[in-house]
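Here is the structure we will look at, set down as structure tokens.
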Amino acid sequence: MKVTVAMTLLSAGLMTLPVAAEQFYGFMDLSINYLDWTKKAEDRTNPDIGGRGGAKEDFFYIELEGGAGFDWGDVYGFIDFENPTNSNDGQFSDEAFATDGFRIAAKGTLAYNLGSSNWNAYGHLYSFTESSSGFFDQNLVLGVSYDVFTDFGLWFKPFIGGHYEQQSFAGSGWNGGMLGWVLGYDFAIGEQKFSVTNWHETEFARDDQFRSNGTQYQLASVGWNGAVALWWHLPNNLTGGLQYRYADNKLGTAAYHDAIIYSLRYNF
């Protein structure tokens, strides 16, 4: 299996911190999550009934996540272990492309302040590997981002950049651009604390080289995916989450598909 390298972007950011950098915030959490595809999504990806992509199956995953903000910028990263109790007999085994195969997904982001403005030089690296087939897909985005913070609990970080992709079956090269954002809103109901978050990515002007999904259906030149989540901050450093995961012409499927994710986090 190709070794995932997405977390190196986060590590590089931490290693290049100025000695006297002031830290504004930091967090790290470990979570267990269960992703439940909707019946609509399962039908639209079922090859036996004309699905527009590889079949999808519900799965659970373990995630380690962390981030920090400094006076020079901020860093963020996660690594997911999907179907962590499963394995296979080797690359291109009889279980190749099994929907319950072991997979690793990871991402690292770095935003470096441009002077005293809210603009940042932005970069992120996402990596996905699947054990049974040896499939990997890495996405590098380089561009700019912008920070919006409010005094009433809302924060918003949009970005846009060029998109370079490397994939086991499609090769490597520039694959259009990507724009997206992360945002959050913190609020309370009585003594209970909650957060709403959203991450979103839209790929545009995709190259034909990367639009095949292994079926007769080709991915559109524009595709997007993300998640909207409600988090309930519980006692004893625990957080419960309910996420709506969505994608269109992404994740190997030339159609809209969605899922619900149930999450429980421990915050260090």
Query raised in the report: Give me the pairs: first residue in segment 218-237 and surrounded by 14 or more Cβ atoms within 10 Å (Cβ to Cβ), second residue of a type in the set (Ser, Thr, Tyr), beta-carbon distance under 6 Å, and six or more apart or on different chains, which are they?
Result: Trp224/Thr202; Val228/Tyr244; Ala229/Thr197; Trp231/Ser195; Trp231/Thr239; His233/Thr239
Report summary line: Counting only residues in segment 173-192 that are part of a strand (DSSP E or B) and over 20 Å from the mean Cα position of the chain (by Cα), the one farthest from Val148 (Cα to Cα) is identified as Gly173
Requested in this report: Only one of these is among the aliphatic types (A, V, I, L, M) and either at positive phi or without any contact (Cβ under 8 Å) to a residue 24 or more places away in the chain (or both): Ile62, Ile79, Ile49. Name it.
Outcome: Ile49
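One line per residue, one yes/no per condition, for (1) among the basic types (Lys, Arg); (2) assigned to a helix (DSSP H, G or I); (3) at pLDDT 90 or above; (4) within 20 Å of Ser145 (Cβ to Cβ):
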| site | (1), (2), (3), (4) |
| --- | --- |
| Ala21 | no, no, no, yes |
| Gly26 | no, no, yes, yes |
| Glu95 | no, no, no, no |
| Ser117 | no, no, yes, yes |
Query raised in the report: Going through segment 188-208 one residue at a time, which ones are touching a Ser or Thr at 6+ places or on another chain (Cβ under 9 Å) and under 18 Å from Arg265 (Cβ atoms)?
Result: Ser195
**Report entry** Residue that is surrounded by the most Cβ atoms within 10 Å (Cβ to Cβ), among those in segment 176-197 that are in contact with a His (Cβ under 6 Å, 6 or more places away or on another chain) and of a type in the set (A, V, I, L, M, F, W, C)
**Finding:** Met178
Query raised in the report: What's the number of the condition Phe152 fails, among (1) more than 27 Å from Leu251 (Cα to Cα); (2) in a strand (DSSP E or B)?
Result: (2)
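The values are calculated or read from the model by the stated rules, or taken from the named source; none is laboratory data. Quick caveat, the model's predicted, so the values are computed rather than measured. Don't worry about glycine lacking a Cβ; one is built from the backbone with ideal geometry, like all the others, and counts go over all protein chains shown.
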